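Below: the structure, in structure tokens.
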Amino acid sequence: MVIMVVAGACSAEVTESLVLVKGGTFQNKQSNYYGKGVTISSFYIGKYEVTQKEWIEVMGTNPSQLKGDDLPVEMVSWYDSAEYCNKRSLREGLQPYYNIDKAKKDPNNKPDPDYGDLDTLKWSVTINPEANGYRLPTEAEWEYAAGGGQLSKSYSFSGSDFENEVAWYWRNSGDKELTGFWQWPAIEQNHGRTRPVGGKKPNELGLYDMSGNVREWCWDWFGDLETNVADPQGSQSGFGRVWKGGGWMGDAHFAESSFRGHLAANGTGPDQGFRVCRNK
């Protein structure tokens with residue numbers, strides 16, 4: 001099935017790799033946005049996390065530490081993800097969503113109050129809000145989609161109240177189920193790793209791995225939650241970019257749809273990936 005989307009005079013194909021998320025107010029009672037009067041417009045989001053095969057087709061190289069075509073790409077920064085979105089857009093004849101100026105330092109990119117100024121790049125990245133190209137989801141969009149949108153059953157994780165049904169995380173991402181407290185040597189000895197996308201149960205919207213596998217970049221600066229709730233586009237400045245969903249080496253708590261994490265925009269890790277969105 002192929003859906004045709006028309007944006008002004010430009011038309012483009014949206015394939016089965018994207019899922020239409022119908023807009024509305026938050027129905028998931030576990031969400032940070034529930035009952036706050038926030039309305040999300042309809043949009044498309046990737047059914048799966050961006051895979052290494054998809055990344056290589058667009059970028060030509062594979063930065064991932066754990067290699068495999070159907071594994072999610074990782075070791076990608078927020079900047080890398082934005083560049084991928086633009087290059088994939090151009091490849092498919094779409095208007096790029098981002099304006100990326102590598103020579104201009106972004107004054108909104110603040111030092112981390114605990115760890116100092118970790119971002120050595122500080123590229124200036126602005127948006128073309130009407131563009132039909134690929135982009136990162138906002139934190140509000142991500143949480144809305146992960147929480148099931150208008151079909152939400154108010155699960156804590158994306159698609160279940162039981163993490164093992166939907167998420168790869170430190171206890172189950174290796175050769176056997178781990179018990180006890182989080183310990184990196186135990187995870188390493190157990191061969192903890194990313195898994196092929198779509199291996200767990202989907203959520204109410206048919207989206208996979210929004211809990212666990214790799215943490216997913218969002219557009220937003222990491223700022224005060226109330227500020228982000230007040231403006232669905234998020235804070236106007238901050239000391240890192242938001243990630244959501246947890247990853248294969250993290251605790252189950254991080255995989256809850258409401259959990260908010262952050263990392264410097266130039267940060268990477270073997271559990272740091274993303275999925276794409278597009279405007280409807």
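Let me know the shape class of the stretch 88-155, please: from the alpha-carbon gyration tensor, a ≥ b ≥ c as square roots of the eigenvalues, rounded when a/c is under 1.5, otherwise prolate if a/b is greater than b/c, or oblate.
oblate
Compute the separation of the alpha-carbon centres of the stretch 94-140 and the stretch 148-199 and state it in Å as a whole number.
If we compute the Cα centre of each part, the gap is 30 Å.
Counting helices only, and only those DSSP H runs with n ≥ 4, report the 222 nm mean residue ellipticity of the chain as the sum of -39,500 (n - 2.57) divided by its residues, in deg cm²/dmol to the nearest 500.
The per-residue figure over the chain is -4500 deg cm²/dmol.
What is the spin-label model distance, in nm, from Glu177 to Met59 if the labels are put 7 Å beyond Cα along the C-beta direction?
Using points 7 Å along Cα→Cβ, the separation is 3.5 nm.
Between Ser237 and Ser42, with labels modelled 7 Å along Cα→Cβ, what's the label distance in nm to one decimal, could you check?
Calculated label separation equals 3.8 nm.
So how far apart, in nm, are the two label points at Ser124 and Ser154 if each is 7 Å from Cα heading toward Cβ?
Label at Ser124, label at Ser154, 4.6 nm between them.
Lysines near Lys87 by alpha-carbon distance under 16 Å, same-chain residues fewer than 8 away left out - which ones?
Output for Lys87: Lys53, Lys102.
Identify which of the listed values of Rg/Rh (Cα atoms, Kirkwood Rh) was calculated from the structure shown: [x] 0.96; [y] 1.08; [z] 0.94.
[z]
Can you figure out the FRET efficiency of Asp114 with Asp251, using R₀ = 25 Å and their beta-carbon distance, to the nearest 0.05?
Given R0 = 25 Å and the Cβ-Cβ separation, E is 0.80.
Taking only protein heavy atoms and a 1.4 Å probe, what accessible area per residue, in Å², does the stretch 178-226 have with all protein chains in place?
Accessible area per residue, the stretch 178-226: 45 Å².
What are the lysines whose alpha-carbon lies under 16 Å from the alpha-carbon of Lys47, with same-chain residues fewer than 8 places away excluded?
Within the straight-line limit of under 16 Å, Lys47 reaches these lysines: Lys22, Lys200, Lys201, Lys244, Lys280.
May I ask you to compute the full-extension gain from Asp101 to Leu225, defined as 0.36 nm times their residue separation minus their alpha-carbon distance, rounded to one decimal in nm?
41.8 nm is the gain from fully extending Asp101 to Leu225.
For the chain, give the percent of accessible area contributed by carbon and sulfur heavy atoms, probe 1.4 Å, rounded to a whole number.
The computed percentage sits at 51.
Let me make sure I get this right: for the stretch 209-277, a, b and c are the square roots of the gyration tensor eigenvalues over alpha carbons, sorted descending. Under 1.5 in a/c it's rounded, otherwise prolate if a/b > b/c, else oblate. Which is it?
Prolate, because a/c is 1.5 or more and a/b exceeds b/c.
Is the stretch 104-262 best put as rounded, prolate or oblate by its Cα gyration tensor, with a ≥ b ≥ c the root eigenvalues, rounded for a/c under 1.5, and otherwise prolate when a/b is larger than b/c, oblate when not?
Oblate is the answer for the stretch 104-262, as a/c is 1.5 or above yet b/c matches or exceeds a/b.
Using θ = phi - 60° and the Karplus curve 6.51 cos²θ - 1.76 cosθ + 1.60, what whole-Hz ³J(HN,Hα) does each residue of the stretch 144-157 get, with Gly and Pro shown as x?
Running phi through 6.51 cos²θ - 1.76 cosθ + 1.60 with θ = phi - 60° gives 5, 5, 4, x, x, x, 6, 9, 4, 10, 6, 6, 6, 9 Hz.
Can you list residues whose amide H is under 5 Å from Trp219's amide H, if they're 5+ apart or on another chain and H is modeled 1.01 Å from N?
The answer is Thr138, Glu139.
The values are calculated or read from the model by the stated rules, or taken from the named source; none is laboratory data. Predicted model only: the values in this text are computed from it and were never measured. Every residue, glycine as well, gets a Cβ built from its backbone with ideal geometry; the counts of neighbours run over all protein chains shown. For the accessible areas, the whole protein counts, side chains as well, though only heavy atoms, and no ligand, DNA or RNA atoms are used. Shrake-Rupley method; radii C 1.70, N 1.55, O 1.52, S 1.80 Å.
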